[in-house]
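Peer 1: Questions regarding the structure given below will be posed in turn.
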Amino acid sequence: MKALIFLTSAVSLCSFAYAQQMSTNNTSYPATKKVDITDSYFGTVVPDPYRWLEDDRAEDTKAWVKAENKVTQNYLTQIPYRDAIYKRLEKLWNYEKYSAPFKEGKYTYFYKNDGLQSQSVLWRQDGDKAPEIFLDPNKFSTDGTTSMQGIDFTKDGSMAAYQLSEGGSDWRKVIVIKTTDKSMIGDTLTDIKFSGIAWRGNEGFYYSSYDKPTAGSQLSGMTQYHKLYYHQLGTPQTSDKLIFGGEKTPRRYIGAYLTEDEHFLVISAANTTTGNELYLQDLNVPDSQIVNVINNFDNEHTVLNNAGGKLYILTNLYAPNFKVVTTDAANPKTTNWKDFIPTTKNVMTATTGGGKIFAEYLKDATSFVQQYDMEGKLERTINLPSIGTAAGFNTKKEETETYYTFTSYIYPSTIFKLDIAAGISTVYKKSGVDFDPDQYESKQVFYISKDGTKIPMIITYKKGMRLNGKNPTLLYGYGGFNISLTPAFSTSNIILLENGGIFAVPNLRGGGEYGGKWHKAGIKMKKQNVFDDFIAAAEYLIRNKYTSKDYLAISGGSNGGLLVGAVMTQRPDLCKVALPAVGVMDMLRYNKFTAGAGWSYDYGTAEDSKEMFEYLYKYSPYHALKPNKYPATMVTTADHDDRVVPAHSFKFAARLQEYQEGTAPVLIRIETKAGHGAGQSTEQVISGQVDKWAFMFWNMGLKLSPYLAVTAK
């Protein structure tokens, strides 16, 4: 039985206390007020003196943000080689970048960025004719902060609906156009969040959204129940029909898609980020009922394809590493499921195209891909260029070729074209980045975590590097939500690698690299395993003299920001620099904002039980802070982050500045007109990366030569 939580919230807003203005390393921080607010959880009183920073609309919060950004920029501008890093990274970034192409109607579409364009442009090509610009999101705003976040076409390619994000927000607008002349159809749809667009013929489409919060900030207010709507073209959004969700079937996340033949509407519904119900509606039968296929959230299921009423489903039911099953759409209950591609010891996902199924596996966090026919016969293993990450392989049934990308930490992202019948891959677009892979190496090691678990980690560096403990090292981690960190090339990391640095990525528990058991070993009251795995990775690097405490930085974003916050509060002696980005820092209140309650499968909540509260309270980065000597820290967030609201970072940075006893700086860098990460302009991305490297190098006591060669002072 769940125990009750009593929120006493002893709010005495008139009795402000003020944190003493502090100065460390010649850095003076703004005086940040403290308020007398407490909550009581199962009899434990928890002070929350920086609660006022949760109100992003308040004038005092805006003033605090402005003051903190001024301190941060004043600090960063004094780093003598910051401009040199900027010029080098801008030069590295300035090359043409392409996406894998995809076909819609008679056109082949692809995204392209000339090099430093704020947003990538969507182009199209008709056969062998010259490509033309189809949509240029750079024209949607003067500062490049409005981005396209997906586009979906009708089956015949004659119409498209694209989503726009302003300032990085998860709230989107949807604009419908004719593809012939790009003229708009009907009005712009607004207030759409966490949604795809699923066209039904040429008459309309399905989409999902929440009721926008009526009280408080629309960026931080809770978005509790998702709703699936159908929009009929030519009608106002206010008349859109509710298909699923709302009061009758309250669910936090609802997504919908159609099988390629548009025979079935598939609805996925969930209350957390793990596990989903599955529903099916036969669109060939007028007014047919929505049929429940899976009535619980215990596992994950995706309909891959329909072939004459035979459904192909990717599932981890009785298969923690996933498998593909088939069933009759007329009677799709699990008792009728038949194994099609069996589960193995390696985690699988799957795509379809050209009348085939491509099973994409992870082996120790790297890819291998197998091609099956629609009868379940293994035709071949796709020949990949090396060890790394392959993604794509999805195309329409009638196509004879498909595209995929391949990358690794030292293999710049390259697009390949696959002849599906012959199984032959050819390079379609090679990366134009100025990087010589032959000068670098990337190797996988396995180390032992605190409880004896073997953890993989890939370490990347320049060939001939000396193991002397003095190499500047960035240790990056995530460890959550069943997400797998697989090798991927980063232009930004060239700055580190070409200057004798090391980039290390461990595959922590909580991720999806080894399936459901690996994920569950890092959630709720096993979350400490994730932090222990990360700490053990750092200790491995130090013990084997790749680096040392004085040359080690730890980094992560979102759930990875939580990771960094927890590790630096548990082991402030572990590293020299900490870089928590858009992190979940208040584990007692994360579920009070936006869709945060949906993260409870991984985290648990403070309301669940006394034991869960005590566990969260112990490691919650904001609450775990106490007077100590912490690493040089630059917290990063954004004013439009409506996923992990910036209040997490605000409160953590304010308390860290209060409790820092050492001389190391504590800064917070708050990006404006940006969100959780997606949709940032190229300038925003480059500037953020420059400041990261400048802050890291400077606080490791390193200097740069005119050619950006890092040497010890």
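Read-outs throughout are calculated quantities, based only on the coordinates presented, and are distinct from any laboratory measurement. Only a predicted model underlies this, so the values are computations on that prediction, with no experimental measurement involved. Counting neighbours? That spans all protein chains shown, and the Cβs are built from the backbone with ideal geometry, glycine included.
Peer 1: Treating cross-link reach as a plain straight distance, find the lysines whose alpha-carbon is under 18 Å from the alpha-carbon of K520, omitting any fewer than eight places away in the same chain.
Peer 2: K345, K450, K454
Peer 1: Evaluate E = 1/(1 + (r/R0)^6) for K526 and E132, where r is the Cβ-Cβ distance and R0 equals 56 Å; express this FRET efficiency to the nearest 0.05. It would help to have the intermediate numbers written out before the result.
Peer 2: Values: r = 53 Å, r/R0 = 0.95.
With R0 = 56 Å, the Cβ-Cβ based efficiency is 0.60.
Peer 1: What is the set of long-range amide H partners of Y403 at a cut-off below 5 Å, with H atoms built 1.01 Å from backbone N?
Peer 2: The list, which skips near neighbours in sequence, is F393, N394, L418.
Peer 1: Moving on to the next point. Would you mind pulling out the separation of the Cα centroids of segment 577-596 and segment 169-216, in Å?
Peer 2: 29 Å
Peer 1: Once each part is reduced to its C-alpha centroid, what is the distance from segment 44-105 to segment 438-460 in angstrom?
Peer 2: Here the two parts' Cα centres lie 30 Å apart.
Peer 1: Counting other Cβ atoms within 10 Å, which trypsin sites (Lys or Arg not before Pro) in segment 589-646 have at most 16 and lie in a DSSP loop?
Peer 2: Passing both the DSSP loop test and the Cβ count: K629.
Peer 1: Pairing the Cα long axis of helix 82-93 with the longest principal axis of the chain, what angle in degrees results, from 0 to 90 and rounded to the nearest 10?
Peer 2: 10 degrees
Peer 1: What does the charge count near D602 come to, summing +1 for each Lys or Arg and -1 for each Asp or Glu among other residues with Cβ under 11 Å from its Cβ?
Peer 2: Working: positive: K520, K524, K526, K527; negative: none.
So the environment of D602 carries a net charge of +4.
Peer 1: Residues with amide H under 5 Å of G480's amide H, sequence separation 5 or more or different chain, H placed in the peptide plane at 1.01 Å from N; which?
Peer 2: Residues meeting the criterion, in which the H sits 1.01 Å from N, are G511.
Peer 1: Now, a different point. Could you give each residue of segment 101-108 its phi-based ³J(HN,Hα) in whole Hz, using Karplus coefficients 6.51, -1.76, 1.60 with θ = phi - 60°, and x for Gly or Pro?
Peer 2: Coupling constants for segment 101-108: x, 8, 9, 9, x, 8, 9, 9 Hz.
Peer 1: Here is a further query. Ratio of segment 574-632's C-alpha Rg to 2.2 N^0.38 Å, to two decimals?
Peer 2: After normalising by residue count via 2.2 N^0.38 Å, the value is 1.26.
Peer 1: Still on this model: Mind checking segment 244-332 for trypsin sites (Lys or Arg not before Pro) that DSSP puts in a loop (not H, G, I, E or B) and that have at most 14 other Cβ atoms within 10 Å?
Peer 2: Working: sites: K248, R251, R252, K310, K323; in loops: K248, R251, R252.
For trypsin sites (Lys or Arg not before Pro) across segment 244-332 that sit outside H, G, I, E and B with at most 14 neighbouring Cβ atoms in 10 Å, the list reads K248.
Peer 1: Would you mind calculating the gained length between R571 and T142 on full extension (0.36 nm times residue separation, minus the Cα-Cα distance), in nm to one decimal? Present the calculation step by step, with values, prior to reporting the outcome.
Peer 2: Values: separation 429, 0.36 × 429 = 154.44 nm, distance 4.44 nm.
Net length gain for the segment: 150.0 nm.
Peer 1: Ranked by Cβ crowding within 10 angstrom, fewest neighbours first, how are F446, F697, F534 ordered? Mind showing how you got there, number by number?
Peer 2: On the way: F446 12, F697 25, F534 30.
Exposure proxy ranking, most exposed first: F446, F697, F534.
Peer 1: Of all DSSP beta bridges in the chain, what percent run antiparallel (nearest 5)? Each step should come with its number before you reach the end.
Peer 2: Working: 136 of 158 bridges.
Percentage antiparallel, nearest 5: 85.
Peer 1: Now for a different question. How about segment 372-406: which trypsin sites (Lys or Arg not before Pro) there lie in a loop by DSSP and see at most 11 other Cβ atoms within 10 Å?
Peer 2: On the way: sites: K377, R380, K396, K397; in loops: K377, K396, K397.
Counting only loop positions with at most 11 other Cβ atoms within 10 Å, the trypsin sites (Lys or Arg not before Pro) in segment 372-406 are K377.
Peer 1: Say R0 is 56 Å: what FRET efficiency, to the nearest 0.05, do A330 and E96 get from their beta-carbon distance? List each step's numbers first, then the result.
Peer 2: Working: r = 50 Å, r/R0 = 0.89.
Once rounded, the FRET efficiency stands at 0.65.
Peer 1: Also, I was wondering about something else. Would you mind counting up the charge near P631? Only other residues with Cβ under 11 Å from its Cβ, with Lys and Arg at +1 and Asp and Glu at -1. Let's see the in-between values first.
Peer 2: On the way: positive: K549, R571, K576, K629; negative: D550, D573.
Value of the local net charge: +2.
Peer 1: Can you sort V427, V445, V645 by how many other beta carbons sit within 10 Å, fewest first?
Peer 2: Details: V427 11, V445 16, V645 26.
Ordered from fewest to most neighbouring Cβ atoms within 10 Å, V427, V445, V645 come out as V427, V445, V645.
Peer 1: Expressed as a rounded percentage, what relative contact order does the chain have, with Cα pairs under 8 Å and six or more residues apart?
Peer 2: The normalised contact order for the chain reaches 12 percent.
Peer 1: Within straight cross-link reach of K227, meaning Cα distance under 14 Å, which aspartates and glutamates are found once same-chain residues fewer than 8 apart are removed?
Peer 2: Hits, sequence-local ones excluded: D191, D211, D240, E247.
Peer 1: Taking θ = phi - 60°, what integer Hz values does the Karplus form 6.51 cos²θ - 1.76 cosθ + 1.60 yield along segment 63-71, in sequence order, with x for Gly and Pro?
Peer 2: Whole-Hz 3J(HN,Hα) from phi for segment 63-71: 5, 5, 4, 4, 5, 5, 5, 5, 4.
Peer 1: How much length is gained if the chain between N74 and M465 is pulled fully straight, taking 0.36 nm per residue apart and subtracting their Cα-Cα distance, in nm to one decimal? Mind showing how you got there, number by number?
Peer 2: Numbers: separation 391, 0.36 × 391 = 140.76 nm, distance 3.45 nm.
Contour length minus the Cα-Cα distance gives 137.3 nm.
Peer 1: Length gain on complete extension for the stretch T44 to M184, per 0.36 nm per residue less the alpha carbon to alpha carbon distance?
Peer 2: On the way: separation 140, 0.36 × 140 = 50.40 nm, distance 5.72 nm.
Computed gain between T44 and M184 is 44.7 nm.
Peer 1: Between beta-carbons, use under 11 Å as the cut-off and find the net charge around G516, counting Lys and Arg +1, Asp and Glu -1. Spell out each step's value before the answer.
Peer 2: On the way: positive: K517, K520; negative: D298, E300.
Result for the neighbourhood of G516: 0.
Peer 1: Could you work out [θ]222 nm for the chain from helices alone, using -39500 (n - 2.57) per DSSP H run of at least four and dividing by all its residues? Round to the nearest 500 deg cm²/dmol.
Peer 2: Details: 11 runs with 118 residues, N = 713.
Only helices count here, giving -5000 deg cm²/dmol.
Peer 1: I would also like to ask the following. Using a Förster distance of 60 angstrom, determine the FRET efficiency expected from the C-beta separation of A67 and A488, and round it to 0.05. List each step's numbers first, then the result.
Peer 2: Working: r = 37 Å, r/R0 = 0.61.
Using R0 = 60 Å, I get an efficiency of 0.95.
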